[in-house]
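Take a look at the structure below.
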Amino acid sequence: MRKALAQRVQVNVKGTVQGVGFRPFVYRLAHELGMTGWVTNTGNGVVIEAEGSAEAIETFLERLQADTPASACIEEISTSLIPARGGGSFAIVVSAEPGERTLVVPPDLATCRDCRRELADPLDRRFQYPFLTCTQCGPRYSLLTAIPYQRSNTTMARFELCPACRTEYEAEADRRFHAEPIACPICGPRLYLWDEQGHEIADREGALQRTVALLDEGLIVAVKGLGGFQLWVDAKSEGAVRRLRNRKQRADKPFAVLFPSLEAVRGYCLLSPDEEALLCSPQAPILLVRKRRDAALAKDVAPGNLYLGAMLPATPLHHLLMASLQRPMVATSGNRSEEPIVTDECEALVRLKGIADVLLVHDRPIARPVDDSVVSVVPDNIRVEDGGQGDKSTADVMILRRARGYVPQAIRWSDGEVQEDSNGPILAVGGHLKNTVALLTDDRVALSQHLGDLSTLEADKAFRQAVEDLQQLLQVTPRAIACDLHPDYRSTSFARELAATLSVPIVPVQHHHAHVVSCMAEHKLDGEVLGIAWDGAGYGTDGRIWGGEFLVASYRRFNRFAHLRPFRLPGGEAAMRDPKRPAAALLWDLMGEAIDDQALLSWNMAGDQCAQLASVLRSGVASPWTTSMGRLFDAVASLTGLCQRVSFEGQAAMAVQFAAERGWEAGGVEGYSIDLVPSESSDTKWVVDWRPMINAVLNALRKGVRREKIAAQFHVSLAEVIVRVAQAAGLPRVVLTGGCFQNGLLLSLAKRRLEEVGFKVYSHRLVPSNDGGLSLGQAVVAAHR
């Protein structure tokens with residue numbers, strides 16, 4: 001019988017296929033099928049050459065996709081027959097030097113079940129070792145220094161493998177076969193406990209034990225984690241939590257809470273199956289979940305908040321600490337307010353001085369700051385028995401901060417052929433708040449991790465490093481730079497500098513157009529949509545502050561179809577921090593000179609402040625016009641007495657949302673009237689007139705209607721006017737975007753009402769609806785211009 005002729009196939013695989021055990025998987029599959037050849041990493045994926053019988057090749061290609069490792073994600077695969085070469089074995093070869101590069105490295109992944117088992121096994125050689133990892137979990141992006149992903153291109157290169165680890169690394173049957181961050185107590189990183197001067201108190205197991213004891217005493221510990229420092233304190237200790245707030249200068253913004261187990265989270269929070277799955281996922285994000293009324297945590301953990309940012313241990317170090325503590329701990333970002341997260345232990349001695357009492361550090365360098373991601377589950381339907389929380393059985397996941405667990409997975413914004421003149425590379429530098437930067441190449445956009453607000457020199461430095469980081473990893477120089485239209489943003493100024501240095505064009509993109517396009521790009525939407533972009537502020541093409549926008553938009557251009565009726569912001573930026581100011585502006589618009597000091601005094605405002613506000617509104621000095629939906633939320637918060645001062649962005653709007661959820665009634669809630677009136681401007685068709693609604697709110701307050709019911713009716717009113725504008729626009733697809741749609745109640749109401757009347761509705765799932773998604777939109781708009 002004649003032996004079947006051998007065939008050889010070359011397979012190019014793109015997607016998340018590095019650092020997830022994909023090459024070892026290919027190796028084992030080829031050996032199982034008796035094939036020869038090799039597999040290697042490249043700058044944009046994996047290349048395989050496999051030789052065997054036609055039947056073996058067919059089986060190999062089928063199982064390559066069907067049996068791929070859980071953490072891998074194949075986005076594109078191409079095959080071609082090449083001449084057979086023979087050979088005696090199949091091998092993993094040294095990574096090839098690439099031409100074009102893409103970020104194919106997976107995010108940092110939470111500790112897998114097998115590693116957790118080893119961590120707790122006294123007979124295992126990695127028992128209680130804080131840095132164990134394998135091909136299915138552990139650090140990736142946070143330690144990557146170059147592409148392709150291999151140990152020599154990570155911060156683990158300095159740790160030479162011991163014989164035992166080397167054997168595991170080279171044994172194809174081992175789950176640590178080519179696990180690049182592999183380490184053990186003999187050859188890997190070590191743990192140290194420092195006092196606030198940097199003097200060593202203890203190391204290894206002693207450092208862990210002493211840290212637990214100090215946390216038991218109520219001290220604040222700076223813990224160097226996977227992508228940066230966290231500040232830990234006992235979440236049940238009123239004094240410890242208040243001390244952390246005072247030292248961090250963080251008056252009200254909620255703290256995230258780390259729980260030892262899923263069972264522990266259930267004791268403090270109401271969880272749906274979707275939420276439980278997210279908490280236990282490899283991403284292990286901070287998840288916003290509804291607090292139980294009897295949750296016995298310090299009141300200053302999340303003051304006035306219906307929700308809690310809950311998370312489970314994501315690293316072996318977290319697991320070890322929580323196994324000993326066995327109670328919830330505040331684990332908030334290791335920084336001062338408005339500064340980026342600290343990544344280096346020596347830097348922590350300076351920047352966290354006066355905040356942390358001690359520092360738990362290690363000697364594995366962090367290549368870039370990667371904060372904890374924040375997500376929530378948006379309900380499909382609002383139910384009274386949930387206090388307005390809703391049915392989450394088929395709900396959507398909404399990312400509020402995209403970082404650990406999600407970055408650097410690229411966004412594919414096109415399934416079709418990319419235009420020759422839109423294939424980049426294009427650098428987009430985002431906005432001023434919640435900044436991210438992005439690089440577009442062909443049909444992919446690689447976004448940076450969350451960088452934060454660019455309001456400090458430290459933040460500006462981190463932003464510039466992130467821009468350089470993306471370019472170095474991908475080894476590209478942008479041929480255009482996209483930025484926000486606002487001329488005074490730090491990111492815009494940087495874009496002008498870099499564009500001049502590189503002699504490339506700069507592409508300013510209007511803020512709300514970028515919001516809409518970021519959501520379109522997520523869903524690969526071509527053509528025109530009605531984009532509803534509601535947020536706090538964005539620079540408009542007329543030089544005014546926009547924020548309540550209805551745009552007929554495509555990737556290339558937009559028309560302002562409708563917008564919120566403009567009102568003043570007395571004091572300019574001061575009005576963004578003081579809800580009384582936009583509230584006074586609404587009253588002035590309604591009453592004019594008929595308004596008196598007594599009306600303003602209803603917000604407990606000093607008499608001289610009342611007179612000053614009235615004077616400013618009368619003259620219009622330092623009172624720019626705005627169409628901001630975020631400021632309308634602030635005004636309602638102030639009018640109803642729900643919030644009169646803010647210490648963080650969105651605080652007043654959150655108070656209105658939480659009141660609405662508490663005030664939800666059986667049988668639904670009726671909204672107030674909002675007028676849709678023709679615009680006097682030639683470039684806008686409609687104006688959404690909020691005056692009837694605010695008059696109705698004032699009348700309800702005079703009648704003593706509960707403010708919770710007023711807040712609920714306010715939300716319904718907004719959802720109803722969205723439907724009316726969508727019907728007037730006549731486009732079948734509606735995009736909901738901008739920071740206001742982080743409000744799960746508003747998003748759910750709007751989606752439900754739009755879908756009931758036949759619209760196809762799109763919202764964010766892959767990037768935040770807030771300014772963290774701007775860079776994606778900017779890059780795609782620039783690609784089409």
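Points worth noting:
- Boolean, LEU498 is at pLDDT below 95 and closer than 30 Å to THR42 by Cβ: no
- Applying the condition of being in contact with a Gly (Cβ under 6 Å, 6 or more places away or on another chain) and not aromatic (Phe, Trp, Tyr) to segment 539-580 and asking which residue is surrounded by the fewest Cβ atoms within 10 Å (Cβ to Cβ) yields LEU564.
- VAL212, sole failed condition from (1) among the aliphatic types (A, V, I, L, M); (2) in contact with a helix residue (DSSP H, G or I) (Cβ under 9 Å, 6 or more places away or on another chain); (3) under 30 Å from ALA70 (Cα atoms); (4) open to solvent by 10 Å² or more (accessible area, probe 1.4 Å): (3)
- Positions within segment 332-350 being under 12 Å from ALA462 (Cβ atoms) and crowded, with 21+ Cβ neighbours inside 10 Å, in sequence order: ASN335, PRO340, ILE341, VAL342, THR343
- Residues in segment 551-569 that are outside any strand (DSSP E or B) and more than 29 Å from the chain's Cα centre (by Cα) were compared, and the one that is farthest from HIS515 (Cα to Cα) is LEU569.
- Of the residues ILE722, ILE694, the single one that is open to solvent by less than 10 Å² (accessible area, probe 1.4 Å) and touching a strand residue (DSSP E or B) at 6+ places or on another chain (Cβ under 9 Å) is ILE722.
- Matching residues, segment 217-244, being touching a residue at least 40 places away in the same chain (Cβ under 8 Å), over 21 Å from ILE366 (Cα atoms) and of a type outside the set (Ser, Thr, Tyr): LEU219, ILE220, VAL233, ASP234, ALA235, LYS236, GLU238, ALA240, VAL241, ARG242, LEU244
- Filtered residue count, segment 209-246, keeping only those that are outside any helix (DSSP H, G or I) and either modelled with pLDDT under 95 or within 27 Å of the chain's Cα centre (by Cα) (or both): 16
- Residue in segment 59-71 that is farther than 13 Å from VAL26 by Cβ, under 35 Å from the mean Cα position of the chain (by Cα) and in contact (Cβ under 8 Å) with a residue 60 or more places away in the chain present: yes
- Checking each residue of segment 750-764 against the condition of being in a helix (DSSP H, G or I) and either crowded, with 24+ Cβ neighbours inside 10 Å or touching a Phe, Trp or Tyr at 6+ places or on another chain (Cβ under 7 Å) (or both) gives at least one match.
- Of all residue pairs spaced 6 or more apart or on separate chains, those with beta-carbon atoms under 9 Å, a first member in segment 597-622 that is of a type in the set (S, T, N, Q) and a second member that is surrounded by 11 or more Cβ atoms within 10 Å (Cβ to Cβ) and modelled with pLDDT under 80 are GLN598/CYS610; GLN609/LEU600.
- Just one of (1) at pLDDT 95 or above; (2) surrounded by fewer than 19 Cβ atoms within 10 Å (Cβ to Cβ) fails for SER142. It is (2).
- The requirement of being under 30 Å from ARG351 (Cα atoms), open to solvent by 30 Å² or more (accessible area, probe 1.4 Å) and not aromatic (Phe, Trp, Tyr) is satisfied by HIS450.
- Residues within segment 589-605 that are within 20 Å of VAL621 (Cβ to Cβ), open to solvent by 40 Å² or more (accessible area, probe 1.4 Å) and at pLDDT below 90, tallied: 3
- Answer residue from segment 165-208, given it is under 31 Å from the mean Cα position of the chain (by Cα) and at pLDDT below 95 and is most open to solvent (accessible area, probe 1.4 Å) among those: ARG175
- Take the conditions (1) closer than 26 Å to ASP634 by Cα; (2) in contact with a Ser or Thr (Cβ under 7 Å, 6 or more places away or on another chain); (3) assigned to a helix (DSSP H, G or I); LEU736 misses just one of them, which is (3).
- Enumeration of residues in segment 51-73 that are within 23 Å of VAL105 (Cα to Cα) and of a type in the set (Gly, Ala, Ser): ALA66, ALA70, SER71, ALA72
- Looking across segment 279-294, just one residue is of a type in the set (Gly, Ala, Ser) and either surrounded by fewer than 18 Cβ atoms within 10 Å (Cβ to Cβ) or part of a strand (DSSP E or B) (or both), and that is SER281.
- Of the residues making up segment 517-530, one or more are crowded, with 22+ Cβ neighbours inside 10 Å and more than 21 Å from the chain's Cα centre (by Cα).
- Scanning segment 156-206 for residues that are among the charged types (D, E, K, R) and part of a helix (DSSP H, G or I) yields a total of 5.
- Pick from segment 506-516, criterion of a type in the set (A, V, I, L, M) and closer than 16 Å to ARG556 by Cβ, ranking: surrounded by the fewest Cβ atoms within 10 Å (Cβ to Cβ): VAL507
- Selection within segment 482-505 - crowded, with 18+ Cβ neighbours inside 10 Å and either in contact with a His (Cβ under 8 Å, 6 or more places away or on another chain) or not in a helix (DSSP H, G or I) (or both): ALA482, CYS483, ASP484, LEU485, HIS486, TYR489, ARG490, SER491, THR492
- All conditions but one from (1) in contact (Cβ under 8 Å) with a residue 24 or more places away in the chain; (2) in contact with a Phe, Trp or Tyr (Cβ under 8 Å, 6 or more places away or on another chain); (3) farther than 16 Å from LEU551 by Cα apply to ARG707; the one that does not is (2).
- Residues of segment 1-50 that turn out to be without any contact (Cβ under 8 Å) to a residue 12 or more places away in the chain and under 21 Å from VAL105 (Cβ atoms), as a count: 0
- Some residue of segment 91-105 being in contact with a helix residue (DSSP H, G or I) (Cβ under 8 Å, 6 or more places away or on another chain), modelled with pLDDT under 85, of a type in the set (A, V, I, L, M, F, W, C) and crowded, with 17+ Cβ neighbours inside 10 Å: yes
- ALA583 open to solvent by 30 Å² or more (accessible area, probe 1.4 Å) and of a type in the set (A, V, I, L, M): no
- Cβ pairs under 6 Å, 6+ apart, first in segment 247-269 and within 21 Å of VAL375 (Cβ to Cβ) and part of a helix (DSSP H, G or I), second open to solvent by 10 Å² or more (accessible area, probe 1.4 Å) and of a type in the set (A, V, I, L, M, F, W, C): TYR268/ALA295
The values are calculated or read from the model by the stated rules, or taken from the named source; none is laboratory data. This is a predicted model, so every value here is computed, not measured. Note: ideal-geometry Cβ built from the backbone for every residue, glycine included; neighbour counts use all protein chains shown. These accessible areas exclude ligands, DNA and RNA; they are computed on the full protein's heavy atoms, side chains included. Shrake-Rupley method; radii C 1.70, N 1.55, O 1.52, S 1.80 Å.
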